[in-house]
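In what follows, a structure is listed as structure tokens, so that the remarks can point back to it.
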Amino acid sequence: MNINDDGISNDSKNRTFQSVLEVFSSRREVVKGGLTLAAGTFFASSALAAKGGKKGPNAPTGQNRQNGLINFTPVPVAEGSGPVPSISEDYQYQVIIPWGEALKSGIPSYEGETDRSALAYQEQQVGIGHDGMWFFPFRRSNSRGLLAINHEFGGNGHVLGKSLPTSIDDVRISQHAHGISVLELRRDDSGRWHLVKDSIYNRRVHGNTEVSFSGPVVGSEFIAGDSTPMGTLNNCANGYTPWGTYLTCEENFNGYFGASDGSWYPDSRQSRYGLSTSGFGYGWHLFDERFDLSRPANSLYRNEENRFGWVVEVDPFNPDAMPVKRTAMGRLKHEGATLVEGHGGRVVVYMGDDERFDYIYKFVSEGNWKAMRAQGMSPLDHGTLYAARFNDDGTGEWLELSMNNPAVAAHFTSDAEILTFTRIAADHAGATKMDRPEWISVAPNGDVYCTLTNNSRRTEADAANPLAPNADGHIIRWHDSERHTGLDFVWDIFIIAESTHAEGDERTFSDPDGLWVDPDGRVFIQTDGGQKKGLNNQMLVASMYDSGDNMDVRRLFTGVSGDEITGIAVTPDRRTMFINTQHPGNGNPDLTNFPAEQGSGRIPRDCTIVISRKDGGIIGS
Ligand code: FEO
Ligand code: CA
Ligand code: CA
């Protein structure tokens, strides 16, 4: 989602990543290849590999790829536009679970008709805005499992066929189109995947599903109200835990709120979250007091706006388990929550906050996750939250966001307040203002990769700077000390999107968003933004062992007009990959009817694309 991710609410004096990068890049020019020395030992493995120091079947250098990580024939630029997807000639794809498909037999599916009456059953149909997801196999199966998938957003024009809801029933359809689905998928003997209708695991969690809260904010005034906590919204990217649960992340929740009489009780801190009297134009507040910022101060729904912006844990294997909002990981516009096991069995969760000039965060559990769970504690409820500061010399620090940090404590009275207004705590801590942090992925050598999708408001960029212009985004990586749990790190730039964009260069891409580094070191990059050369949004594959201007970046898939490519999940053998096309045609059937036949007049629908290699090989190879 690009249009609504790009506000600015951070007017703190914290340094921007651009200014850090300018100093860092000029320093790097001076030391020429001395990154390993300058950066200490943390980066040694990737720096070595980049120089060709790491050899082996899964770690080729840029010069020797014949039998290496990436061998497929890329989609040519000339074929990557128009109303239907393109895929490498070495691959094939299949469409599953479009928006509106019924989870049960006996319920009608919505199939893109201009008559949307089937959407009266939206809470029992696949939602819209397919985004982050993960595949939870049954016993390591490569042909049967549960797909947990986010439904980030769907504008009124797409979902309702009108710009504003005209009844509470319209609002309910819109709310039910959001949230997540848990769906049982199976691959049949012919290799085709399908939704198992009537599976006991099939489930929708949407804007009106009962949820619970846990962690330090519970019991505080900040989320207090007399109403039952309900719903999850703007579910963007995701994570998953080693104990088998799914993490769905609430991003632009502010957009669903509005003020029916134009007035709003004063809490200036909410402007840091972009809450406003108009929101994104969903108009829910016109019929649903929950989303009305003009509600009376004693409303049942007071503080409703603080009940969104969290990481939400869902157990896909227990359809009766209530989703839990884990407040220890802070309230922000969470893009995703990437979990890795760190030193001492502690879990570390990396999170981006996708807005111009917002921050990168990490959460570290108090103890070993297995020991905590054995004591009946969630590792995601007890721990410490940090925000990142990137220094000019290629080092960085994690800044604690709690009453233990005097720079933060001077502005708050409790950890519950800090976690409710996390962005403001990070302002005071001195975190570095980033260019819209989107997805984060941990590479096999422990380096952590993060897409910074773009930031067109960077006026200080200049042509002499390797990043200028930064309108197209880049990917950074860092390496934390003490196996992810330490407070310092070293960092580097993996790729600047614009650097692959030259006349006649087939590698062009911009606005990196979805990201996954596979266990062999392939870096899957998905885009969300205006691509160059007429390309639709796309998914590309690079190698973490590659570097420099000649980096091999190959286009595996291109989407359809107006869409964005989102979400990455794989079967355990990595021979099946699931990705999504989100908002195809931006809902406009004149641009595309996908996944229906072109010329059918059908309204385009978000759907999941199942990708496999024709020779059955590992995806990305
Ligand atoms: Fe939900 Fe930042 O994309
Ligand atoms: Ca985006
Ligand atoms: Ca995104």
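The values are calculated or read from the model by the stated rules, or taken from the named source; none is laboratory data. Note that the coordinates shown come from a computational prediction; the quantities given were computed from them, not determined experimentally. All Cβ positions, glycine included, derive from the backbone under ideal geometry; neighbour counts span all protein chains shown. The area values use the complete protein model at the heavy-atom level, side chains included, leaving out ligands, DNA and RNA. Shrake-Rupley method; radii C 1.70, N 1.55, O 1.52, S 1.80 Å.
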request  = Report the local net charge at Thr527: Lys and Arg +1, Asp and Glu -1, summed over other residues whose C-beta lies under 9 Å from its C-beta.
outcome  = -4
key: Heavy-atom accessible area ranking, 1.4 Å probe, most first, across Tyr93, Tyr201   = Tyr93, Tyr201
query = Around Thr485, which amide H atoms from residues at least 5 apart in sequence, or from another chain, sit under 5 Å from its own amide H, with H modelled in the peptide plane?
reply = His343
query = Over all distinct alpha-carbon pairs, what is the Kirkwood Rh of the chain in angstrom?
reply = 24.4
inquiry  = Could you tell me the center-to-center distance, by alpha carbons, between the stretch 467-531 and the stretch 595-621 in angstrom?
reply    = 25
remark   = Residue-ordered couplings for the stretch 348-363, obtained by feeding phi - 60° into the Karplus form 6.51 cos²θ - 1.76 cosθ + 1.60 and rounding to whole Hz (Gly and Pro as x), are 10, 10, 8, 9, x, 10, 7, 8, 4, 6, 9, 10, 9, 10, 9, 10
query = Roughly speaking, what is the stretch gain from Ser105 to Ala502, that is 0.36 nm per residue apart minus the C-alpha to C-alpha distance, in nm to one decimal?
reply = 137.8 nm
request  = Quick one: accessible surface of Lys197, probe radius 1.4 Å, all protein chains present, in square angstrom to the nearest 10.
outcome  = 80
request  = Give the calculated FRET efficiency between Ser214 and Ser12 to the nearest 0.05, with a Förster radius of 30 Å applied to their Cβ-Cβ distance.
outcome  = 0.50
Carbon plus sulfur fraction of accessible area for the chain, probe 1.4 Å, in percent = 49
message = Suppose a student asked you for the relative contact order of the chain, using Cα pairs under 8 Å spaced at least 6 residues apart; what percent would you report?
response = 17
inquiry  = I'd like the Karplus ³J(HN,Hα) series for the stretch 520-529: coefficients 6.51, -1.76, 1.60, θ = phi - 60°, whole numbers in Hz, and an x wherever there's a Gly or Pro.
reply    = 8, x, 6, 9, 8, 10, 10, 10, 8, x
message = Let me cross-check His484: its accessible surface, 1.4 Å probe, with only protein heavy atoms counted, in Å² to the nearest 10?
response = 20
query = When the helix-only estimate is applied to the chain (DSSP H runs of n ≥ 4, each -39,500 (n - 2.57), divided by the residue count), what is the mean residue ellipticity at 222 nm, nearest 500 deg cm²/dmol?
reply = -2500 deg cm²/dmol
message = Could you sort Phe594, Phe153 by their accessible area in this structure, using a 1.4 Å probe and putting the largest first?
response = Phe153, Phe594
task = Could you tell me the accessible area of Val570 in Å² (1.4 Å probe, neighbours in place), rounded to the nearest ten?
result = 10
request  = Give me the net charge of Pro98's neighbourhood, meaning all other residues with Cβ under 9 Å from the Cβ of Pro98; Lys, Arg count +1, Asp, Glu -1.
outcome  = -2
inquiry  = Using a probe radius of 1.4 Å on heavy atoms only, what accessible surface per residue do you get for the chain? Whole Å² is fine.
reply    = 34
inquiry  = Give me, ordered by chain and number, the residues 5 or more places off Thr209 or on other chains with an amide H under 5 Å from its own placed amide H.
reply    = Gly231, Thr232
task = Return the sequence-ordered ³J(HN,Hα) values of the stretch 486-496 in whole Hz as given by the Karplus equation 6.51 cos²θ - 1.76 cosθ + 1.60 applied to θ = phi - 60°, using x for Gly and Pro.
result = x, 9, 10, 8, 10, 9, 7, 9, 7, 7, 9
task = Averaging sequence separations of C-alpha pairs under 8 Å and six or more residues apart, then dividing by the length of the stretch 522-597, give the relative contact order as a whole percent.
result = 24
inquiry  = Using amide H atoms built in the peptide plane, which far-off residues or other-chain residues are under 5 Å from Ile495 H to H?
reply    = Ile475
task = Give the relative contact order (percent, whole number) for the stretch 408-566; include only Cα pairs under 8 Å separated by 6+ residues.
result = 16
query = Cα centroids of the stretch 100-152 and the stretch 319-379: how far apart, whole angstrom?
reply = 26
Proximal charge balance of Ser199 [Cβ under 11 Å; K/R count +1, D/E count -1] = +3
query = Roughly speaking, what is the stretch gain from Asn71 to Trp243, that is 0.36 nm per residue apart minus the C-alpha to C-alpha distance, in nm to one decimal?
reply = 58.5 nm
